[in-house]
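Have a look at the structure below, then the notes.
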Amino acid sequence: MNDPLGAFVPGTDVRLEGAKDGPLHGRVFAAKDIFDIAGHVTGCGNPDWARTHGPATANAPAVQAWLDAGARLVGKTITDELAYSLNGQNAHYGTPTNSNAPGRIPGGSSCGSAAAVAGGAVELALGSDTGGSVRIPGSYCGLYGFRPTHGRITLAGVMPLAPSFDTVGWFTRDVGLLRQAGEVLLGHTGETPPRPSGLILAEDAFALAEPALAAALAPLVERLEAQLGVAEAVTVGEPGGGLEAWMLRFRHLQAREIWAVHGAWIEAEKPHFGPEINERFEWARGVPDAVAEEAKPEREAFTQRMADLLQDGRVMCLPTAPGIAPLLSATASDLREHRSRVLSLTSISGLARLPQVTLPLAEVEGCPAGLSLIAAQGQDSMLLAFAEAFVAGLESPDSLRA
């Protein structure tokens with residue numbers, strides 16, 4: 001495969017024709033290499049995983065849904081090892097190119113899928129989102145990205161990471177295609193979703209944004225208020241110690257699930273991981289069960305708080321990431337600090353199992369950055385429809401003068 005972006009898994013040639021008609025007919029897509037493709041090994045970003053697992057016997061339902069809708073699959077994209085990173089730098093297969101922010105990381109773990117869409121190799125791509133693995137690459141690479149309500153789309157045929165957080169997600173360069181692709185995966189009912197009833201502004205989330213990003217997002221918040229009314233400002237992380245404290249609860253819960261899923265394989269096979277991923281799994285191994293157990297009821301309390309805030313069809317706006325993509329030359333310690341701020345934002349939806357869309361509508365230093373909208377559980381179609389309408393309104397001269 002000719003792959004100037006470095007987005008696809010080396011040595012693979014996966015091509016499947018879609019149905020002869022359907023809502024995605026003629027579209028070209030790729031799938032993150034944690035999605036099963038019949039007859040091919042799902043490598044999950046690690047050669048030892050690929051070596052110890054046989055070919056899949058069936059396509060993952062999410063892949064099959066897009067094929068049945070007429071889209072054509074052209075490859076498996078690189079993922080961070082076992083999907084356990086937000087950087088997009090795979091020690092074995094390389095770092096896919098971020099076409100919209102040269103010299104910067106693409107974000108992970110759905111790095112290859114994001115790079116392939118951003119670079120024009122495909123029109124849409126499947127990824128997964130456990131702790132931000134669609135939302136963050138979407139922001140860094142200047143893409144529309146969607147994380148659905150947890151459990152809304154089947155994860156059959158997809159490598160698990162932390163099952164109570166894992167979701168299927170997807171990327172596009174076009175907001176209308178984002179909605180169309182979502183309708184296929186979510187099951188389109190034909191009904192017109194309602195508009196959001198109001199807007200919430202996550203003040204503590206915006207406080208985590210770098211000043212230049214907060215300034216770039218401010219006009220977009222004003223446009224949202226023009227559509228939905230003056231935003232109610234809230235501090236999402238209180239009660240509970242703030243967003244950083246909630247991020248730590250997320251990390252502890254996630255780590256225990258990850259070790260429960262992958263610990264036995266790691267101990268049996270002793271796979272070779274890149275330094276960052278090896279450090280991550282060693283940390284997960286050591287998180288005490290008692291710490292995770294303590295966080296479980298706290299998570300449910302946070303879920304209820306978010307449900308109360310988003311009741312009656314309201315949506316919440318926040319920065320997708322705290323800044324633009326870090327430089328490829330960033331040190332491990334710099335990336336570790338940045339990751340904590342990223343997870344303080346992404347864990348909001350993760351803990352509360354909520355749908356979130358990232359919109360590539362801001363720019364800082366010539367690099368893209370995303371504004372996110374979160375809705376209540378099950379309001380995926382409303383969120384997709386409003387995102388499409390909102391972006392269309394921004395492109396209208398009358399709206400721009402408003």
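The values are calculated or read from the model by the stated rules, or taken from the named source; none is laboratory data. Every value quoted in this text rests on a predicted model; they were computed, and no experiment measured them. Cβ placement follows ideal geometry from the backbone for every residue including glycine, while neighbour counts extend to all protein chains displayed.
Only one residue in 301, 290, 402 is touching a helix residue (DSSP H, G or I) at 6+ places or on another chain (Cβ under 9 Å) and either of a type in the set (Gly, Ala, Ser) or at pLDDT below 95 (or both). Which one?
Values: 301 fails: touching a helix residue (DSSP H, G or I) at 6+ places or on another chain (Cβ under 9 Å); 290 fails: touching a helix residue (DSSP H, G or I) at 6+ places or on another chain (Cβ under 9 Å).
The conditions single out 402.
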### Message
Looking only at residues that are of a type in the set (Ser, Thr, Tyr) and not in a loop (DSSP other than H, G, I, E, B) in the stretch 304-342, which one is modelled with the highest pLDDT?
### Response
340
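Against the condition crowded, with 22+ Cβ neighbours inside 10 Å, in contact (Cβ under 8 Å) with a residue 60 or more places away in the chain, under 18 Å from the mean Cα position of the chain (by Cα) and not in a loop (DSSP other than H, G, I, E, B), how does residue 372 come out, does it pass? Can you show your working first?
Working: crowded, with 22+ Cβ neighbours inside 10 Å: yes; in contact (Cβ under 8 Å) with a residue 60 or more places away in the chain: yes; under 18 Å from the mean Cα position of the chain (by Cα): yes; not in a loop (DSSP other than H, G, I, E, B): yes.
Judged against the criteria, residue 372 is a match.
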### Query
Of the numbered conditions (1) part of a helix (DSSP H, G or I); (2) surrounded by 13 or more Cβ atoms within 10 Å (Cβ to Cβ), residue 268 satisfies every one except a single condition; which is it?
(2)
#### Entry: All positions within the stretch 166-193 that are within 22 Å of residue 23 (Cα to Cα), assigned to a loop (DSSP other than H, G, I, E, B) and of a type outside the set (Ser, Thr, Tyr)
173, 174, 187, 188, 190, 191, 193
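Are any residues in the stretch 199-221 part of a strand (DSSP E or B) and within 15 Å of residue 342 (Cα to Cα), and if so, which ones?
As a first pass, look at the stretch 199-221 and keep what is part of a strand (DSSP E or B): 199-202.
Of everything in the stretch 199-221, just one residue is part of a strand (DSSP E or B) and within 15 Å of residue 342 (Cα to Cα), namely 202.
Determine, yes or no, whether residue 393 is modelled with pLDDT under 95 and closer than 16 Å to residue 196 by Cβ. Don't jump to the end; show me each part of the working.
On the way: modelled with pLDDT under 95: yes; closer than 16 Å to residue 196 by Cβ: yes.
Answer is yes for this residue.
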### Task
Write out, first by first residue and then by second, each pair whose Cβ atoms fall under 6 Å of each other, whose residues are 6+ apart or on separate chains, and whose first residue, in the stretch 228-241, is over 27 Å from residue 389 (Cα atoms) and assigned by TED's automatic domain parsing to the domain that holds residue 306 while the second is surrounded by 14 or more Cβ atoms within 10 Å (Cβ to Cβ) and among the aromatic types (Phe, Trp, Tyr).
237/246; 240/246
### Cβ-Cβ under 7 Å pairs, at least 6 apart or on other chains, the stretch 19-43 side over 14 Å from residue 64 (Cβ atoms) and in the same structural domain as residue 83 (by TED's automatic domain parsing), far side at pLDDT below 95 and not hydroxyl-bearing (Ser, Thr, Tyr)
none
### Number of the condition not met by residue 127 [criteria: (1) surrounded by fewer than 22 Cβ atoms within 10 Å (Cβ to Cβ); (2) part of a strand (DSSP E or B)]
(1)
### Task
Return a yes/no flag: does the stretch 148-166 have any residue that is charged (D, E, K, R) and modelled with pLDDT under 95.
no
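Give 106, 137, 163 a once-over and let me know the one that is part of a helix (DSSP H, G or I) and not assigned by TED's automatic domain parsing to the domain that holds residue 300. Can you show your working first?
Details: 106 fails: part of a helix (DSSP H, G or I); 163 fails: part of a helix (DSSP H, G or I).
Criteria check complete, one pass: 137.
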### Task
For the stretch 46-100, enumerate the residues that are β-branched (Val, Ile, Thr) and either within 21 Å of the chain's Cα centre (by Cα) or farther than 24 Å from residue 283 by Cβ (or both).
57, 63, 74, 77, 78, 79, 95, 97
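Only one residue in 287, 230, 236 is aliphatic (A, V, I, L, M) and under 21 Å from the mean Cα position of the chain (by Cα). Which one? First the steps, then the outcome.
Working: 287 fails: under 21 Å from the mean Cα position of the chain (by Cα); 230 fails: under 21 Å from the mean Cα position of the chain (by Cα).
Testing whether each residue is aliphatic (A, V, I, L, M) and under 21 Å from the mean Cα position of the chain (by Cα) leaves just 236.
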## Note on the structure
Matching residues in the stretch 290-325 (surrounded by fewer than 16 Cβ atoms within 10 Å (Cβ to Cβ) and more than 24 Å from residue 163 (Cβ to Cβ)) number 3
### Boolean, residue 94 is surrounded by fewer than 24 Cβ atoms within 10 Å (Cβ to Cβ) and in contact (Cβ under 8 Å) with a residue 40 or more places away in the chain
yes
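Within the stretch 24-37, can you find the residues that are out of contact with any Gly (no Cβ under 6 Å at 6 or more places or on another chain) and surrounded by 17 or more Cβ atoms within 10 Å (Cβ to Cβ)?
Our first condition is that a residue be out of contact with any Gly (no Cβ under 6 Å at 6 or more places or on another chain); within the stretch 24-37, this holds for 26-29, 31, 34-35, 37.
27, 28, 29, 31, 34, 35, 37 - these are the residues of the stretch 24-37 that are out of contact with any Gly (no Cβ under 6 Å at 6 or more places or on another chain) and surrounded by 17 or more Cβ atoms within 10 Å (Cβ to Cβ).
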#### Entry: Answer residue from the stretch 326-364, given it is under 15 Å from the mean Cα position of the chain (by Cα) and among the basic types (Lys, Arg) and is surrounded by the fewest Cβ atoms within 10 Å (Cβ to Cβ) among those
353
